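Have a look at the structure below, then the notes.
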């Protein structure tokens, strides 16, 4: 049923729970697991004008490494990691299309009201634009 499962990771508990869920699916179906982290360069300049892209990329790589280790512990045989730059929801959808992904599994942060309005919802945009099914999970901590 699934050959390629994509999980966007950001280092949050919600993303870690999504990785665990996706790793279980990948192990059962013998699927490859694709882990991506998106750095949004437009949000990477602090008030002093310092470029923080390299700091965000390092943090993103740490999140990818942790997710890859978690997937390996769950028995996933093939894992691909990718650090991307751009608008998060667009990069996730583009990656899914370019890599024949069958399913996207992603955590949600459960924001509502003003927080969601101000910050937007990457998961909501992915669900709306994705050409493949999207499974959203909530963190067990919420």
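Values quoted throughout were computed directly from the atomic coordinates according to the rules given, and no laboratory measurement underlies them. From a predicted model like this one, the values you see are computed outputs, not experimental measurements. Neighbour counts run over all protein chains shown; Cβ positions are idealised from the backbone, glycine included.
A crude spin-label estimate for the pair residue 136 and residue 124, with each label 7 Å from Cα along the Cβ direction, gives 0.8 nm.
Order 2-9, 65-72, 22-29, 93-100 from most to least packed using the mean count of other Cβ atoms within 10 Å.
2-9, 22-29, 65-72, 93-100
Stokes-Einstein, applied to the Kirkwood radius of the stretch 1-109 over Cα pairs at a viscosity of 0.692 mPa s and 37 °C, places its translational diffusion at 234 µm² s⁻¹.
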